[in-house]
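Below you'll find the structure, written out as structure tokens, and then a few comments.
No lab work stands behind these numbers, since they all come straight from the coordinates. On a predicted model such as this, the values are computed, not experimentally measured, just so you know. Cβ placement follows ideal geometry from the backbone for every residue including glycine, while neighbour counts extend to all protein chains displayed.
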């Protein structure tokens, strides 16, 4: 019994030594034509290999280097195939634990991969989960990526799901075949969406459908600054990239949100809003460099901080100074964002016996605008126009009087609205 056991162990050891030594004996690059043909069949494209090598560390694996697909439509820096018992015994039929590094694909090739895998019914090599690192999509200018992920396949060998995620764990993307197109779902937590301003979403879910012509996102749901969001969007590419869509927000805390645009002169309260956005750029990587957003908003039971309009109105022609706040029951208006300029137009502030109408604009670190204010106290009614100027950290107020011939222009005249 002991003799048989030793013989078995000796045979296994000999087999292992033979397998490990085989790559050192065989001329691996002589198999390039066969591998190129097999990969070409798998990807339904012309594939060329630069070379094949074998390494023992960190674990034994074959490396296919410098893969070119369809004369530059795509390239892969390296495919690693581990030397394990499963891959040896299933040679030519199935592979597991394959790793692919440095994937660079054109949009057309990337979107066609699920269809190419599904079209291959015979002579198929079934794959387990394929780990992707440094994957990106080649654009006319620059690349979209890199990002890491896992490509999953069904039992029949067709592509089932492509999972992508950032290293910080803030965003996860799923791509699944959907006819000739690709179904898309995005889930994110504590994620700063690149809208041109550092707006953070506590939670965000998006789903839609992509094709080489563009992307339609028909369901957007999320939470941001204590409020809930919903909306739709569409990304297209003709002569330039164009992203447009709508968002509806309810119950948003305006204090942290407004501080993004104006850190000292900000607004507190709860806001409902409806916004339309439209981003355009020749280069996808610069798509969010020029924000273009129009929004109607209503803020309830809050205050404008570092601006005391009531004190200024009571002071008449004497400047009331800086600081303080203007409390309100409701504040509504329209916000227009163009590049780094934010305009608040057609604003109406209601606070009991005090009300004001006006428009304000910020650009860089400056703040300017005009407000028509009215305060009723018993039979006495005080009304005047107030000019707002200075920088965002230290705004100044001054009053104008028509009786003295120094009336200010109306708020709608003072703030231009280039839509």
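Quick check: residue separation of residue 94 and residue 280 times 0.36 nm, minus the Cα distance between them. What number comes out in nm?
My answer for the length gained is 62.4 nm.
Starting from the 7 Å offset along Cα-to-Cβ, what nm value, one decimal, do you get for the label separation of residue 209 and residue 330?
4.1 nm
Report the Cα centroid-to-centroid distance between the stretch 233-267 and the stretch 65-89 in angstrom, as an integer.
Between the Cα centres of the stretch 233-267 and the stretch 65-89 lies a distance of 42 Å.
How far apart, in nm, are the 7 Å Cα→Cβ label points at residue 300 and residue 339?
Distance between the two pseudo-spin positions: 3.8 nm.
Between residue 259 and residue 239, what is 0.36 nm times their sequence separation minus the Cα-Cα distance? Round to one decimal in nm.
3.6 nm
Using a basic spin-label model with each label point 7 Å from the Cα along Cα→Cβ, how many nm lie between residue 166 and residue 380?
5.6 nm
If I take R0 = 41 Å and measure r between the Cβ atoms of residue 155 and residue 197 in this structure, what FRET efficiency does the formula 1/(1 + (r/R0)^6) give, to the nearest 0.05?
Plugging the Cβ-Cβ distance into 1/(1 + (r/R0)^6) gives 0.30.
Where the centre of each part is set by its Cα atoms, how far does the stretch 189-224 sit from the stretch 323-343, in angstrom?
Between the Cα centre of the stretch 189-224 and that of the stretch 323-343, the gap is 25 Å.
Ordered by packing density, taken as the mean number of other Cβ atoms within 10 Å over each peptide's residues, highest first, how do 216-228, 300-312 rank?
Taking the mean over residues of other Cβ atoms within 10 Å, the ranking is 300-312, 216-228.
What FRET efficiency comes out for the pair residue 218/residue 250, r = Cβ-Cβ distance, R0 = 25 Å, nearest 0.05?
Efficiency, rounded to the nearest 0.05: 0.80.
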